[in-house]
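In what follows, a structure is listed as structure tokens, so that the remarks can point back to it.
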Amino acid sequence: MVVLSHFLRKLRLLRCFAAARITSIGVEIAGEMKEEALNIFSSLASYLPPPHVTVDLLSSGVCVRCIFRLFGVNGDAYSSPLLTSIALCCFLKVHNGFQDDTDDNRLDSFALKQCSFSKEESEDEQRICIICLGILQFFQLCQDTRASEDSFSIVSFVEKIVNHVKSEGHQIDGFSLEISIPPVIVANENAVRLYMKKKYEHETWFKEKILSEQISLKDALKLSITNSLVKQLGAKSGVSCFLIRLTYTNLEASLNLQSTLGEVHNSKRRQAVAEKVNVSEVVDPLVGSSQVDSSEQLCNKSDAVMLKALSTLDDQTFSMHFELPPTKASKPCQLTTTCYRKAIYIGGRYLKFSRKVSQTRWIIDDERMGEASVEEIVGIPALELCRGDSYKFHAAGREDIDVRMLGSGRPFLVEVSNARQLPSMVDVLQIAEKINSSDKGYVKVRNLEMVGSEVWNLMREGEAEKQKQYAALVWISRPVLDEDLMTISSIENMEISQRTPVRVLHRRSPLERKRIIHWMKIEKIVGNNHFFLLHLCTQAGTYIKEFVHGDLGRTYPSIGSILECRAEILQLDVTAVKMDIFM
């Protein structure tokens, strides 16, 4: 008997689907309901409201996936291409049955309506979900077909995303899916909720079903397409530096929402006037203050602000200004697909051997200063290898163009935006080899490696605490004495005061800074007793040139004041940057 009952039920399903065949307009519902669809609807029947409510929602223009998520359906069911309104109607008719012919006829009428359009009627108005505006129906891919719901729309949708990723040339092993939807979706959801509350609040099912946890549209869309994306991209889904972003917009619906929210605010103002309340106390949640021309200002407000405005409306106010349920939409949401990789970082230390190479590209009045820059010498090969859109060069401090960077080098990072290829360690070593084998020999790099973004923070934090060592060629106006060597060598952890140097006063704030000179020593130069090499270790941020000559008294004490003579710096080299990264 059980087997016979199951057979009869399936036979009724076949007849229902066969009756829905409309060959004259190219819409054909399969004559045999697939086992997958039968299993899906059977397994989810307990989540759904009574059949007459489901049919009411379908008739109002709510799509199957939105009905599922409104009543807390979760899982892989969203990814099935068989979730059509007609399929659900036929399932309800056979599986649940009805008490009278009224609901039975209503189902048949609805199914036929979904499968036929008169030439005078707008197809979109008949098909577009009043909640998701076509997002969960994938209309952006089937607007040129007359099928009410394309059985392969999810497949086509995923293929479009995959083709976009491949056309960008990205090399990926994982991805993260980001979705942006217009605020009108939230308004539509609330309108349908209040419609059901108003109509079915006193029915026994309402309290149990309506309080179930809803699935957000974003989560429903992810459930619909993620598994297919994983298979076709051959990449894992989850937390990833590679992002696929789906941005949905609906200008017409958004403008209508803005207009309605403006009317809500104006209504509050009129009510305040009638009740002799101070109008200035009626704050427009969209603009933050009460202004007469709020409707014009609404057009320029962000989605976040509109969502905030919607959240301030109670059910009574919402019902007064919004249609329950929402009117059928004339146009579906438009989709923009973008994919990009979060910035990747290649770090190491650089040495600069030329006094004609700036750290970063230096242009004044369209004229290039210096022969090259560390930024370009290091950054361009990294950008070319990663096939990124652009790059930024970050270093732990900087040296002037006429100052060499020697010793173990200065820590740096190259930040590459939207890299299409993730370099291997071998690739990184090839970059280093290309830079270091340059004929000009301006710059060399060492300890080059791929690093995470956290190193950028470590470099910034350590920059203020680091110590730097220098070697300066100094001339003084009198011969160097043995006492000078002893005087300089005896100084340890001396605090100096430096006002912003005259040479950078045009681009730096006029401040006074305290800095520490940790130690110094003098190395005599044979053959000329007016010159010496000054070796010193200082706190980061010390202006070394000004510490030598005093900068017209703006730095004190200075080498000149300590030796009580005129002092000038002729050449300067950075010999060490003490930081515990890229060692």
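The values are calculated or read from the model by the stated rules, or taken from the named source; none is laboratory data. Because the structure is predicted, anything quoted here is derived from the model rather than measured. Every residue, glycine as well, gets a Cβ built from its backbone with ideal geometry; the counts of neighbours run over all protein chains shown. What goes into the accessible areas is simple: the full protein's heavy atoms, side chains included, and nothing from ligands, DNA or RNA. Shrake-Rupley method; radii C 1.70, N 1.55, O 1.52, S 1.80 Å.
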*Are any residues in the range 440-464 open to solvent by 30 Å² or more (accessible area, probe 1.4 Å) and within 30 Å of residue 513 (Cβ to Cβ), and if so, which ones?*
453, 454, 456, 457, 458, 460, 461, 463, 464
_Failed item, numbered, when residue 379 is tested on (1) at pLDDT 95 or above; (2) under 24 Å from residue 541 (Cβ atoms); (3) of a type outside the set (Lys, Arg)_ = (2)
_Hits in the range 238-262 - residues which are of a type in the set (Ser, Thr, Tyr) and buried (at least 21 other Cβ atoms within 10 Å of the Cβ)_ = 248
*Of all residues in the range 57-83, which are in a loop (DSSP other than H, G, I, E, B) and open to solvent by 10 Å² or more (accessible area, probe 1.4 Å)?*
61, 72, 74, 75, 81, 82
*Residue match in the range 170-181 (condition: within 17 Å of residue 131 (Cα to Cα) and open to solvent by less than 20 Å² (accessible area, probe 1.4 Å))*: yes
*In the range 343-376, what residues are farther than 24 Å from residue 454 by Cα and among the β-branched types (Val, Ile, Thr)?*
357, 363, 364
*Between a first residue in the range 497-509 that is farther than 12 Å from residue 556 by Cα and without any contact (Cβ under 8 Å) to a residue 40 or more places away in the chain and a second residue that is surrounded by 12 or more Cβ atoms within 10 Å (Cβ to Cβ) and of a type in the set (Val, Ile, Thr), which pairs have beta carbons less than 8 Å apart while being 6 or more apart in sequence or on different chains?*
508/500; 509/500
_Can you tell me which of (1) open to solvent by 80 Å² or more (accessible area, probe 1.4 Å); (2) in a strand (DSSP E or B) is the one residue 513 doesn't meet?_
(1)
_Can you tell me which of (1) without any contact (Cβ under 8 Å) to a residue 12 or more places away in the chain; (2) crowded, with 20+ Cβ neighbours inside 10 Å; (3) among the hydroxyl-bearing types (Ser, Thr, Tyr) is the one residue 437 doesn't meet?_
(2)
*Of all residues in the range 342-378, which are open to solvent by 10 Å² or more (accessible area, probe 1.4 Å) and within 30 Å of residue 175 (Cα to Cα)?*
342, 343, 344, 345
*Would you check which residues across the range 202-226 are of a type in the set (D, E, K, R) and either open to solvent by less than 20 Å² (accessible area, probe 1.4 Å) or part of a helix (DSSP H, G or I) (or both) and list them?*
207, 208, 209, 218, 219, 222
*Any idea which of 553, 527 is open to solvent by 30 Å² or more (accessible area, probe 1.4 Å), modelled with pLDDT under 95 and touching a helix residue (DSSP H, G or I) at 6+ places or on another chain (Cβ under 9 Å)?*
553
